[in-house]
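One structure below.
The values are calculated or read from the model by the stated rules, or taken from the named source; none is laboratory data. Note that this is a predicted model, so its numbers are computed, not measured. Every residue, glycine among them, receives a Cβ derived from its backbone with ideal geometry; neighbour counts consider all protein chains shown.
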Amino acid sequence: MKKHTPRRTFIKQTMGAGLAVGTTSLFSGELFANGIQTPPFEQTPLAYAFNALEPHIDAMTMEIHYTKHAAAYTKNLNEAAAAEFKGANHSIEEVLQKISSFSVKMRNNGGGHFNHEFFWKTMKPSGSILQDGRLKEAIMSSFNSYENFQSKLSETAMSRFGSGWAWLYVDEKKLLQIGSTPNQDNPLMDVSNIKGTPLLGIDVWEHAYYLKYQNRRAEYISHWFNLIDWKKVEERLNVLS
Ligand code: MN3
């Protein structure tokens, strides 16, 4: 533990003192291509073709995932917003941060909408290499090596029982953390056991991988690492200071 203390402190310093997790201003234009979304919520068009993530994620899975599963979350979120916003506008981030004051329908579908918009943008065809820079430094300092980071995130994703997500996120003490949430919850939610700002997330619902990988979640997870758009992930870190 002693060995980690100075490293942790270093991360905290590199994260900057200006980080204020819990304010919507963190997200202006960064998590969504269209900036902060207010009702009606819409799916951002995918930046790549359904088959562009092959061989890691197959075209059929992507098409059904985007046009059926994710589309349903967005549609149901709009229904919940129509019923519960009472004419006011709220960004999706704002809703998630106060999700305990909304319905279960809002929690499931607001989370589902946010998580999937976030997920599509976390991936790109052929993926990328984590380049030297602030994010790589933070990952190295927090997890000692890229391999260790990858195995920790993979184990966390594997150990999520049933449906949910595994995350790399910045916690309220500005430390990089890995954790998991059930269903469509995420670290932005005030009801979540892990709280902070997500940098990347992997969908481990069976609908995300079953057509190609069946019950082999570990294989899907290991392939998914080949798709990460690290530049996008670093942008998410960079808006936090
Ligand atoms: Mn999904």
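A few notes on this one:
- Filter pass, A166 being outside any helix (DSSP H, G or I) and either surrounded by fewer than 21 Cβ atoms within 10 Å (Cβ to Cβ) or modelled with pLDDT of 95 or more (or both): yes
- Among residues of the range 57-73, those that are surrounded by fewer than 19 Cβ atoms within 10 Å (Cβ to Cβ) and within 29 Å of D171 (Cβ to Cβ), counted: 1
- The lone criterion from (1) in a helix (DSSP H, G or I); (2) within 16 Å of the ligand (Cβ to nearest atom); (3) within 20 Å of A166 (Cβ to Cβ) left unmet by E63 is number (3).
- Consider the range 109-140 and keep the residues that are basic (K, R) and under 16 Å from the mean Cα position of the chain (by Cα). The one that is farthest from the ligand (Cβ to nearest atom) is K124.
- Scope the range 183-220; condition assigned to a helix (DSSP H, G or I), charged (D, E, K, R) and within 16 Å of the ligand (Cβ to nearest atom); matching residues: E206, K212, R217
- Of all residues in the range 30-50, none are within 15 Å of the ligand (Cβ to nearest atom), surrounded by 22 or more Cβ atoms within 10 Å (Cβ to Cβ) and touching a residue at least 12 places away in the same chain (Cβ under 8 Å).
- Conditions (1) within 16 Å of the ligand (Cβ to nearest atom); (2) hydroxyl-bearing (S, T, Y); (3) assigned to a helix (DSSP H, G or I): number failed by S180: (3)
- The sole residue among K173, K195 that is surrounded by fewer than 23 Cβ atoms within 10 Å (Cβ to Cβ), touching a Pro at 6+ places or on another chain (Cβ under 9 Å) and not polar (S, T, N, Q) is K195.
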